[in-house]
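Structure record follows, encoded as C-alpha cells.
Coordinate-derived values only; no laboratory data. Everything numeric in this text was worked out from a predicted model, so none of it was measured. When we count neighbours, we look across all protein chains shown, and the Cβ atoms used for this are built from the backbone with ideal geometry, even at glycine.
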Amino acid sequence: MLAALTVSVGVFASSSSALGSSAFCKTLFTYEEDYASKATPPTSFSGYRAWAAELVPFYEKLASEAPNAATKNTLNDVVVILKWEASKQSIPALEAYVAANHVKFEDGTKALAKAIEACA
C-alpha cells in the first residue's frame, strides 16, 4: 500500500482547478518540491528507516487536511506504517499487520485516489 501511495503522489501533477486550492491539494502539490526526489527508498535498512521517518510529517499533514474520513483514515494508516518502518527492527511483524489489514488498505487506497483526482 505504501509504495503505491508514494508512487501515485510522486507522479501527481499540479492543478489549476478550484478544487486544487484546498489545503489538502496544496500540501499534495508540495510533494514534488519537497519529497519526490526521495520517492524511491534506499536499499540499506538504516537508510530505509531514515527515509520512512522523513516522510512522516508530510503524511501527517495530509491526513490532518484530508477531505473526508476515508481519506484521513488511509493517510493515518500510512503514518502508522511509516512510523513502524522508521523505528521497528521486526519487518515480519509489520508484514503481519499489513496482511491483517489488506482489505481495509485496498478500500482506503481507492478513497485516497479519488481525493487526489479531485485536486486535478
| query | So how much slack lies between His102 and Ser64, counting 0.36 nm per residue of separation and subtracting their Cα-Cα distance, in nm? | reply | 11.4 nm
| query | What's the local net charge at Ala63, with K and R +1, D and E -1, over the other residues with C-beta under 11 Å away? | reply | -1
